[in-house]
Amino acid sequence: MHEHVKGGESAEQQILDELLRGKRVGDLPPHAAQIIGTLVVPKVDQKNYYVQIEARNGTFAQPIRLKRVGGEWKVATQVIVVPPDGKPPTFAGKPVYKRIDEGFPLNNRGEVDW
């Protein structure tokens, strides 16, 4: 799916605006994925994104941390289940998915700052 860029807005801003409004992906079979857009990371040394996914089997939160190390992007991300009681998610429990690239900068406790 390719969409035309509206006059005066960057493609990144249009995708962000659309995602903030909520992007309906539709039904997906198990273990499937759907690309809903791409973002160009600005010319910075770090960038943080936060994704929230609502599905029939629950709501999930995914912080994505990008840091440039030695000219290469390193990624740390995890997916956690959002409590159904409406309380904000905490990242203290066991994630359902976690990836931390080798060489991703950690804090003084040896952890990612989520």
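The values are calculated or read from the model by the stated rules, or taken from the named source; none is laboratory data. Model, not experiment: these values are computed from the prediction. Note: ideal-geometry Cβ built from the backbone for every residue, glycine included; neighbour counts use all protein chains shown.
Can you confirm whether I64 is over 21 Å from D17 (Cβ atoms) and either assigned to a strand (DSSP E or B) or in contact with a Gly (Cβ under 6 Å, 6 or more places away or on another chain) (or both)? Taking the combined requirement at face value, the residue does not satisfy it. The single residue among V51, V82 that is at pLDDT below 90, outside the structural domain of D17 (by TED's automatic domain parsing) and touching a helix residue (DSSP H, G or I) at 6+ places or on another chain (Cβ under 9 Å) turns out to be V51.
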